[in-house]
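The values are calculated or read from the model by the stated rules, or taken from the named source; none is laboratory data. Note that this is a predicted model, so its numbers are computed, not measured. Here the Cβ positions follow ideal geometry from the backbone for every residue, glycine too, while neighbour counts run over all protein chains shown. Just the protein is used for accessible areas: all its heavy atoms, side chains included, with ligands, DNA and RNA removed. Shrake-Rupley method; radii C 1.70, N 1.55, O 1.52, S 1.80 Å.
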Amino acid sequence: ISQHEVTVGQYAKFVESTQYKTDAEKEAKGCVHKDTSAKGQPFVMNPELSWRSPGYEQNEGYPVTCLSWHDARAYTDWLSKETQSNYRLPSEMEWEYAARGGKSTAYFWGSEASHHHANYGGAEGKDQWTFASPVGRFPANKFSIQDTSGNLWEWVQDCWHETYHGAPNDGSAWVSDCQGNTKVRRGGAWDANIISIRSAIRSRGAEHDRSNLYGFRIARDWQNAKK
């Protein structure tokens, strides 16, 4: 599994190579952003936003956002062809195993939320970003994985199920008996509270949903990796 979320620079190489248009860019449908000044419904679709301009300043080192599950899958399909290795979104089980880093506590660093370890819910301590932070700015867990708590919700391969009853027991993605076209996201985002950045937290969204709270990381099948 990748050390951190796929970056703007990495996604740009894919777009330059393929001329791919994300769901946010098609017919200028845009991307959802969180309007903190809005009353009632703070999540607003803005037709001007996309991964290129998500509503805050970014550079190539930031995690790419405003992407749907389909946009993330398009990237892994391209990377697999480019490298002759099987890249994909991680399964929900793989993601949580990697995020925990061998720990059973609420967060990989312990039982208490900490702005010294993650970007969430306002700027404080090591967390100096109101929105997303560049990747790799916070400590890694014991598996050398970074940014699994906060920053951006991460799409995984699985479709949504309310519980784990009936889930595969081999770590593979659960893609049967799906509830519509709803997919799973993990990890919380830059706006999250302390509950929503726990290693166990999960959320759902339609496969074409996109927001400047969503990103992804990738996994590679080791047995098929090109030497």
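Observations
- Every listed requirement among (1) within 19 Å of Gly101 (Cβ to Cβ); (2) out of contact with any helix residue (DSSP H, G or I) (no Cβ under 9 Å at 6 or more places or on another chain); (3) not hydroxyl-bearing (Ser, Thr, Tyr) is met by Ile145 save one, (2).
- Figure legend. Inter-residue proximity from region 183-209: first residues of a type in the set (Asp, Glu), second residues modelled with pLDDT under 95 and in a loop (DSSP other than H, G, I, E, B), beta-carbon distance below 7 Å, spacing 6+ or different chains. Indicated pairs: Asp191/Gly121; Glu207/Asn181.
- Close pairs (6 angstrom Cβ cut-off, 6 or more residues apart or separate chains): aromatic (Phe, Trp, Tyr) in region 45-64, open to solvent by less than 80 Å² (accessible area, probe 1.4 Å) and not in a loop (DSSP other than H, G, I, E, B) anywhere: Tyr62/Val8
- Summed over region 148-165, residues that are assigned to a loop (DSSP other than H, G, I, E, B) and either open to solvent by 60 Å² or more (accessible area, probe 1.4 Å) or among the acidic types (Asp, Glu) (or both) total 4.
- A count restricted to region 16-31 and to residues that are open to solvent by less than 30 Å² (accessible area, probe 1.4 Å) and either touching a residue at least 24 places away in the same chain (Cβ under 8 Å) or aromatic (Phe, Trp, Tyr) (or both) stands at 4.
- When residues of region 176-196 are limited to those that are among the β-branched types (Val, Ile, Thr) and either over 15 Å from Asp147 (Cα atoms) or not in a loop (DSSP other than H, G, I, E, B) (or both), the one least open to solvent (accessible area, probe 1.4 Å): Val184
- The listed residue being part of a helix (DSSP H, G or I) and surrounded by fewer than 22 Cβ atoms within 10 Å (Cβ to Cβ), out of Lys81, Lys103, Lys142: Lys81
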